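Enquirer: Can you read through this structure? Questions will come right after.
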Amino acid sequence: MISNEELHIVGESPLKGEVYISGAKNAALPILCAGLLTEEPIILNNVPELDDVKTILKLLEHLGAKTSKKNNQTIIQADTIHNTEAPYDLVKTMRASILVLGPLLARYGEARISLPGGCSIGQRPVDQHIKFLSALGAEIRMEQGFIIAKSKKLQGTVIKPDVVTVTGTENFMMAASLAKGTTIIENAACEPEITDLAHFLIQMGAKITGHGTRRIKIEGVNYLNGAKYVISPDRIEAGTFLCALATIGGCINLINVNPHEMTSTLHKLKEAGLEIEIGQNWLKCKMNKKPNAVNINTSEYPGLATDMQAQFMAMNTVANGTSSITENIFENRYMHVPELRRMGADITIDGNQAIIRGVNKLYGTTVKATDLRASASLVIAALASKGKTIIESIYHLDRGYEKMEEKLRMLGANILRAPRKE
Ligand code: EPZ
């Protein structure tokens, strides 16, 4: 992570060409942690090269796992774990570190995880993880900013989280895979990344059914073996490129996508006026007019993903008409709004609702990235702006997008990465 880099973007170049979508960050992170559930090697293809992936690999190495990369394969082997503590300096940079809690409890019967602390998009508590891993038999207490967990053999049971939680569901699935007896997760998250993790765990020998629905059943087994797996494509990266296309215009082909996982996003983009041709694992899309303003209401999958909210907002800032966006998942996911306003956007916020009045043009200026998807929103706005935009603190972008500026440059965007001038 290089914290003083910035992106320089000169707007108004339409996008044209082909872009390969990388493996999904939010599938790779839990699957890498699942490597802790076996002493045998796991071999993963299509793991995206992202800062968040580097952080989780550092954490797995800190625990004693061996990690290596050969060609496009990432290999993890957790046969030499000598430590079950996830320290603050690693966890503070990435909340998804909580995903080692379930596997460590299941395989080693103990874990000491630094509490992640909040992040810019919201409190992001982990109370559900603690409540329902305890229901599986773990003794968990908080001490000086750490989650201290101990368990003999975890016991399967029925658990029903009070909220739909993606990483919570992933922690429960991983823990239950090695528990005694059967676990039912009611009110489970259905995101495609949950299904990807379930497919990988099944490859390892886990007995899981119902993944992708609100009710997942896991029959505990005594041992999980190593496995090979290809990480599915990143539906949020794909949606981000399509919001950029809808905003600035042009014609692009996305290669390596699962269109059936993007139904809500594609539906909204069609409403905005994007022409979309859908293939088995590709999308051909065209936009040759200003986008129509579209209303957005984020919700759990299969609804419109909260991770797509900022990108649609960027598109709406230069759309024909007025739109409303309601963010229902996180309480502070509008950090991109003040930055978009600096570029000339007309946005008013009232609680968790934003009203966006489309303007004729945005204008390049210097803005600051505040979180991952806010960074993507600023890139989209900059691509459509008159003149040059400088986006500072783009380490936020590097956490979740692989080679974004290279992919955009290949599509004809005038974009480059530069060190921050002191
Ligand atoms: C995952 O975060 C994703 N991260 C997020 O993607 C994504 O925005 C989010 O799911 C929602 O889809 C990864 O998968 C690594 P949640 P997660 O638990 O699991 C509340 C990105 O941009 N909640 O589903 O942390 C929580 O506050 C990132 O790639 C509790 O109250 O989200 C939120 O309001 C950002 N208690 C809601 O549930 C808990 O114990 C959904 O959170 C857990 C969650």
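The values are calculated or read from the model by the stated rules, or taken from the named source; none is laboratory data. None of the values given here were measured: they were computed from a predicted structure. Here the Cβ is made from the backbone with ideal geometry for all residues, glycine too, and neighbour counts use every protein chain on show. Please note that ligands, DNA and RNA were not included when accessible areas were found on the heavy atoms of the full protein model with its side chains. Shrake-Rupley method; radii C 1.70, N 1.55, O 1.52, S 1.80 Å.
Enquirer: Could you list all residues from the stretch 46-72 that are open to solvent by 70 Å² or more (accessible area, probe 1.4 Å), without any contact (Cβ under 8 Å) to a residue 60 or more places away in the chain and either under 19 Å from residue 25 (Cβ atoms) or among the charged types (D, E, K, R) (or both)?
Expert: Residues satisfying the conditions are 54, 58, 61, 66, 69, 70, 72.
Enquirer: Let me ask another. Just to be sure before I move on: is residue 136 open to solvent by 40 Å² or more (accessible area, probe 1.4 Å), within 15 Å of the ligand (Cβ to nearest atom) and touching a Gly at 6+ places or on another chain (Cβ under 8 Å) in the structure I sent?
Expert: Taking the combined requirement at face value, the residue does not satisfy it.
Enquirer: List pairs: first in the stretch 163-191 and near the ligand (Cβ under 7 Å from one of its atoms), second open to solvent by less than 10 Å² (accessible area, probe 1.4 Å) and among the hydroxyl-bearing types (Ser, Thr, Tyr), Cβ under 6 Å, 6+ apart or cross-chain?
Expert: Pairs that qualify, where the first residue is near the ligand (Cβ under 7 Å from one of its atoms) and the partner is open to solvent by less than 10 Å² (accessible area, probe 1.4 Å) and among the hydroxyl-bearing types (Ser, Thr, Tyr), are 189/169.
Enquirer: So in the stretch 98-133, with the set limited to residues that are farther than 17 Å from residue 173 by Cβ and in a helix (DSSP H, G or I), which one is nearest to the ligand (Cβ to nearest atom)?
Expert: Residue satisfying both the conditions and the ranking: 127.
Enquirer: Right, here's the next one. Could you please give the count of residues in the stretch 147-162 that are more than 16 Å from the ligand (Cβ to nearest atom), farther than 17 Å from residue 184 by Cβ and open to solvent by less than 40 Å² (accessible area, probe 1.4 Å)?
Expert: 2
Enquirer: Which of the residues belonging to the stretch 203-242 are aliphatic (A, V, I, L, M) and within 17 Å of residue 156 (Cα to Cα)?
Expert: Once the filter is applied, which keeps residues that are aliphatic (A, V, I, L, M) and within 17 Å of residue 156 (Cα to Cα), the stretch 203-242 yields 206, 208, 216, 218, 221, 224.
Enquirer: Hey, among 75, 43, which residue is away from the ligand (no atom under 16 Å from the Cβ), touching a residue at least 60 places away in the same chain (Cβ under 8 Å) and either basic (Lys, Arg) or open to solvent by 10 Å² or more (accessible area, probe 1.4 Å) (or both)?
Expert: 43
Enquirer: Still on this structure: Any idea which residue in the stretch 197-249 is surrounded by the fewest Cβ atoms within 10 Å (Cβ to Cβ), counting only those that are of a type in the set (Val, Ile, Thr) and not in a strand (DSSP E or B)?
Expert: The qualifying residue surrounded by the fewest Cβ atoms within 10 Å (Cβ to Cβ) is 213.
Enquirer: Can you find, within the stretch 353-372, the residue that is most open to solvent (accessible area, probe 1.4 Å) among those that are among the hydrophobic types (A, V, I, L, M, F, W, C) and part of a loop (DSSP other than H, G, I, E, B)?
Expert: Among residues in the stretch 353-372 that are among the hydrophobic types (A, V, I, L, M, F, W, C) and part of a loop (DSSP other than H, G, I, E, B), the one most open to solvent (accessible area, probe 1.4 Å) is 359.
Enquirer: Hey, does the stretch 109-116 have a residue that's out of contact with any Phe, Trp or Tyr (no Cβ under 6 Å at 6 or more places or on another chain), among the hydrophobic types (A, V, I, L, M, F, W, C), assigned by the TED database to the domain that holds residue 202 and modelled with pLDDT under 95?
Expert: Yes, the stretch 109-116 contains a residue that is out of contact with any Phe, Trp or Tyr (no Cβ under 6 Å at 6 or more places or on another chain), among the hydrophobic types (A, V, I, L, M, F, W, C), assigned by the TED database to the domain that holds residue 202 and modelled with pLDDT under 95.
Enquirer: Report yes if some residue within the stretch 373-384 is at negative phi, out of contact with any Asp or Glu (no Cβ under 6 Å at 6 or more places or on another chain) and open to solvent by 30 Å² or more (accessible area, probe 1.4 Å); otherwise report no.
Expert: Looking for residues that are at negative phi, out of contact with any Asp or Glu (no Cβ under 6 Å at 6 or more places or on another chain) and open to solvent by 30 Å² or more (accessible area, probe 1.4 Å), one finds none in the stretch 373-384, hence no.
Enquirer: Return the residues of the stretch 78-96 that are open to solvent by 70 Å² or more (accessible area, probe 1.4 Å) and hydroxyl-bearing (Ser, Thr, Tyr); say none if nothing qualifies.
Expert: 88
Enquirer: Let me ask another. Go through the stretch 280-331 and give me each residue that's open to solvent by less than 30 Å² (accessible area, probe 1.4 Å), within 24 Å of residue 192 (Cα to Cα) and among the polar types (S, T, N, Q).
Expert: 298, 306, 309, 311, 326, listed by residue number.
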